[in-house]
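Structure, as structure tokens:
The values are calculated or read from the model by the stated rules, or taken from the named source; none is laboratory data. Note that the structure is a prediction, hence the values are computed from the model and not measured. Cβ atoms come from the backbone with ideal geometry, glycine included; neighbour counts cover every protein chain shown.
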Amino acid sequence: MATQAETVVMDKAEYRRRIGANRLGLWMFIFSEVFLFGGIAISRMVLWGSTRPELEQLPAFLLTSSLLLSSFFMNRAEIAMKYGDRRMFQIGVLMTMVMGTIFLLGVIFVEWPLSGLSPAENVYGAVFYLMTGMHALHVLTGLVFLAIIYRNGRKGLLTPQKHWPVEAAAVYWHFVDVVWIFFYPAIYLMGAPIH
């Protein structure tokens, strides 16, 4: 029969093994997402060529700034949980969610109506809605993920020793932000605007 100390050592070893498998799974998922978003970006390059629709620049810039700022807060939340600072963790996650929600609602209720495009109208509308819509879906998924870790953090289910969900949420959120760093110029800045 194992002593309590041996059980703790076995639990830690099992936890580390599971986290290693989870990390591998997360990175395999991210790798598959790179192919998805890469295919969408290639579609933009092929279908739009050296042109782009004429879109409002200021709202897109402000929404992009909000999304990028959210990554700062997500990083702060992850570090806070790593060091056991629950209050700063909660503030960081809430701020990330606020910035992400501003971005999501801004895309749907500001960018889409201002674009003057329709997904069925032409290749410009189809690609615009594909790029922004697929990205918005991933932001929404990230917001759900953040709500779960926020709730679990408030319940005390996350600790400095066991905070894998926070790390996973941070990796996913930063990935979604990096995708937008490539999508934003491809949609709003590259190519000559068509009128």
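Hey, among the residues in the range 124-153 that are among the β-branched types (Val, Ile, Thr) and surrounded by 14 or more Cβ atoms within 10 Å (Cβ to Cβ), which one's farthest from ALA41 (Cα to Cα)?
We begin by selecting, within the range 124-153, every residue among the β-branched types (Val, Ile, Thr); these are 127, 132, 139, 141, 144, 148-149.
Add one more test, that the residue is surrounded by 14 or more Cβ atoms within 10 Å (Cβ to Cβ), and what stays is 127, 132, 139, 149.
Details: VAL127: 9, THR132: 11, VAL139: 17, ILE149: 31 Å.
In this case the residue turns out to be ILE149.
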TODO: Being in contact with an Asp or Glu (Cβ under 9 Å, 6 or more places away or on another chain) and of a type in the set (Ser, Thr, Tyr) is the filter; apply it to the range 113-149 and report the residue that is modelled with the highest pLDDT.
DONE: THR132
Task: Inter-residue pairs, beta-carbon under 9 Å, first among the basic types (Lys, Arg) and in the range 163-188, second buried (at least 22 other Cβ atoms within 10 Å of the Cβ) and part of a helix (DSSP H, G or I), 6+ apart - done: none
Task: Any chance GLN57 is in contact (Cβ under 8 Å) with a residue 12 or more places away in the chain and either surrounded by fewer than 14 Cβ atoms within 10 Å (Cβ to Cβ) or among the acidic types (Asp, Glu) (or both) - done: yes
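Do the conditions hold for SER32, that is, is it under 16 Å from HIS138 (Cβ atoms) and among the hydroxyl-bearing types (Ser, Thr, Tyr)? Break it down into steps so the answer makes sense when it comes.
Values: under 16 Å from HIS138 (Cβ atoms): yes; among the hydroxyl-bearing types (Ser, Thr, Tyr): yes.
Yes, satisfied.
Yes/no per residue for (1) surrounded by 16 or more Cβ atoms within 10 Å (Cβ to Cβ); (2) of a type in the set (Asp, Glu); (3) over 29 Å from TYR184 (Cβ atoms); (4) in contact (Cβ under 8 Å) with a residue 60 or more places away in the chain:
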residue: LEU24; (1), (2), (3), (4): no, no, yes, no
residue: SER43; (1), (2), (3), (4): no, no, no, yes
residue: SER50; (1), (2), (3), (4): no, no, no, yes
residue: SER65; (1), (2), (3), (4): no, no, no, no
residue: PHE73; (1), (2), (3), (4): yes, no, no, no
residue: ILE102; (1), (2), (3), (4): yes, no, no, no
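Here is a list: PHE37, PHE109. Which entry is farther than 19 Å from TYR172 by Cα, among the aromatic types (Phe, Trp, Tyr) and within 20 Å of the chain's Cα centre (by Cα)? I'd like the intermediate steps shown before the answer.
Working: PHE37 fails: farther than 19 Å from TYR172 by Cα.
Result: PHE109 is the single residue among PHE37, PHE109 that is farther than 19 Å from TYR172 by Cα, among the aromatic types (Phe, Trp, Tyr) and within 20 Å of the chain's Cα centre (by Cα).
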